[in-house]
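Asker: Attaching a single structure in structure tokens format; questions to follow.
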Amino acid sequence: MTARTLVKQLAAQPDGPVSVSGWVETVRDQKKVQFVILRDETGAVQLVHPRTDVEEPGSDPLATAISALTAGTFLTVAGELKHDERVKLGGLEIKIGELDVAATALDLPIADDSSIDKRLDWRFLDLRRPEQNLVFRVQTTFLHALRTWWVEHDFIEIHTPKLMASASESRAELFEVEYFETKAYLAQSPQFFKQMAQPAGFGKVFEVAPAFRADPSFTSRHATEFISVDAEMSWVDSHEDVMAMHEQLLVAGLTAVKEKHGAEIEAAFGVEVTVPATPFPRIPLAEAHSILESRGYTVPRADGDLDPEGERRLAEYVKEQYGHEFVFVTDYATGIRPFYHMRHEGDPTLTNSYDLLMGGVEISTGAQREHRIDVLVAQAREKGLDPEELGFYLDFFRYGVPPHGGFGMGLSRVIMLLLHQSSIREVTYLFRGPNRLTP
Ligand code: AMO
């Protein structure tokens, strides 16, 4: 057979013999002519076969084979490519010469309008939808641009262990696993070990890897396993340096997505990708509360953290005021931040930290870290943590360490918001939630 041509390459091919491989999307079995829509990972093309068995049914083996094709069947078709403006689908079609079925599909159990749960049960079939294919190409481009930016700026890629002897964020939301004679915990964040790269003298590091949270919530933005995009760097003067890095990184990622997929995203999702202007707006948390109050909304959370509705309303304000999709909410109160966040010089009630909101949803947390061992131990104690248990982590700060800071960002949240999807379930390859462990 002729070498395989991808569907997206057909337009540039001259009329003549070609071979395409993919799966059957639909078969239109008409009296005189048969049409098959074949899709591969790059697009769809119309295949055609003028039947020769009109007079004598059953006398055209190719027609019989086409009639038997079921939607979803994977096959290779060799035939004659013909450019023809009248063909709605891409202005070309392939006259089937030879057809070679690789694997036949049973009746497909889902359709485009099936419920999200049903689609996730059959995720491998759901992923055949071209929009889903686009989601993961967009994610690939986004991450590639982030990596490129980091590499160009001398960041080192690290892979921290996901099996840990202690909690990395909090005792809540911790998955415990049997570990030989003892217990281990699944990493909630690479936090401790990305910080370890600082006394290790690495300077700047990044990691893109799974993180695990035993979070029982069923919201559109929570998973029990998610991909955390992390960076950490030495010699920051405050969280401002981390934010400056973070926004440049996002601009690099979104620019690449817009250039490569802007038109496809517009066509598939009706979304225009915009590259945000820098600097992104920055609003201290206390000011965010006043803004919300002045607009008639009191954040209901006793701890003062923004609730999803507060985030949404703040984003509305930022959009009106600055025409911006992003906002850094800064200077969180000490009470709602982990022990390792550095506090304000002269005001220990506030931390050198931020949350980044995109389209009104938190996508990231970042901070300058406390690197002075005595202060760090005191802050751990104050949060009810046992310095003994944190021994290995605290050692990082006992043998010389530069001031440092970084952020963690949920990948699926960014992709969900970028493509205006309703839930991270839609943009996660295989979602993991409290009641979903398969497939
Ligand atoms: P935080 O706990 O805020 O910070 O997490 C950082 C980002 O990770 C994403 N995220 C989640 N995504 C999906 N499902 C979840 N259950 C989930 N939990 C968190 C969010 C969130 O903003 N170590 C710090 C980061 C740092 O300071 O460097 C941390 O983990 O997008």
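The values are calculated or read from the model by the stated rules, or taken from the named source; none is laboratory data. Just so it is clear, the model here is predicted, and its values are computed rather than measured. All Cβ positions, even for glycine, are placed from backbone atoms using ideal geometry, and neighbour counts span all protein chains on display. To get the accessible areas, we keep the full protein, side chains included, count just its heavy atoms, and leave off ligands, DNA and RNA. Shrake-Rupley method; radii C 1.70, N 1.55, O 1.52, S 1.80 Å.
Asker: With runs of 4+ DSSP H residues as the only contributors, calculate the mean residue ellipticity of the chain at 222 nm using -39,500 (n - 2.57) per run, divided by the residue total and rounded to the nearest 500.
Answerer: For the chain, the value works out to -8500 deg cm²/dmol.
Asker: Quick check: at a probe of 1.4 Å, how many percent of the accessible area of the chain sits on carbon and sulfur atoms?
Answerer: The computed percentage sits at 54.
Asker: GNM, the chain, Cα, under 10 Å: largest mean-square fluctuation among E266, E382, E176?
Answerer: E382
Asker: Explain nothing, just compute: Karplus ³J(HN,Hα) = 6.51 cos²θ - 1.76 cosθ + 1.60, θ = phi - 60°, for every residue of region 301-311 in order, whole Hz, x for Gly and Pro.
Answerer: 6, 4, 7, x, 6, 6, 8, x, 5, x, 4
Asker: To the nearest whole percent, what portion of all C-alpha pairs in region 224-372 is separated by more than 18 angstrom?
Answerer: The proportion of pairs with Cα distances above 18 Å equals 61 percent.
Asker: If you build the convex hull over the alpha carbons only and average its shadow over all orientations, what do you get for region 111-165? Give it in nm² to one decimal.
Answerer: Dividing the Cα hull surface by four gives the mean projection, 6.3 nm².
Asker: Would you kindly calculate the mean projected area, averaged across all directions, of the convex hull enclosing the Cα atoms of region 125-208, in square nanometres?
Answerer: 8.4
Asker: Roughly how tilted is helix 130-152, in degrees to the nearest 10 and between 0 and 90, from the longest Cα axis of the chain?
Answerer: 40
Asker: Next question, about the same structure. Rounded to the nearest 10 degrees, what's the angle between the helix 239-269 long axis and the longest principal axis of the chain, both from Cα atoms, 0 to 90?
Answerer: Compared with the principal axis, the helix lies near 10 degrees.
Asker: Taking the Cα atoms only, what angle lies between the long axis of helix 373-382 and the longest principal axis of the chain, rounded to 10 degrees?
Answerer: The helix 373-382 is inclined about 80 degrees to the chain.
Asker: Mind checking the log10 I(q)/I(0) for region 374-439 at q = 0.22, 0.23, 0.24, 0.27 Å⁻¹? Debye, one equal scatterer per Cα, no solvent, two decimals.
Answerer: Computed log10 I(q)/I(0) values: -0.87, -0.92, -0.99, -1.21.
Asker: What residues qualify as long-range amide H neighbours of V33, i.e. H under 5 Å apart, gap of 5 or more or another chain, H built at 1.01 Å from N?
Answerer: Amide H to amide H, under 5 Å and 5 or more residues apart or across chains, V33 pairs with R51.
Asker: Tally Lys and Arg at +1 and Asp and Glu at -1 over the other residues with C-beta under 11 Å from the C-beta of F339: what net charge comes out?
Answerer: Charge balance near F339 sits at +2.
Asker: Which of the pairs K8/K95; K95/K258; K31/K88 have their Cα atoms more than 28 Å apart in this structure?
Answerer: K95/K258
Asker: For the chain, what is the convex hull (Cα atoms) projected area averaged across all directions, in square nanometres?
Answerer: 26.6
Asker: Suppose we take every Cα in region 182-230 and form the convex hull; what volume per residue is that in Å³?
Answerer: 84
Asker: Would you kindly calculate the translational diffusion coefficient of region 321-439, applying Stokes-Einstein with the Kirkwood radius from alpha carbon pairs, for 20 °C and a viscosity of 1.002 mPa s, and quote it in µm² s⁻¹ without decimals?
Answerer: 128
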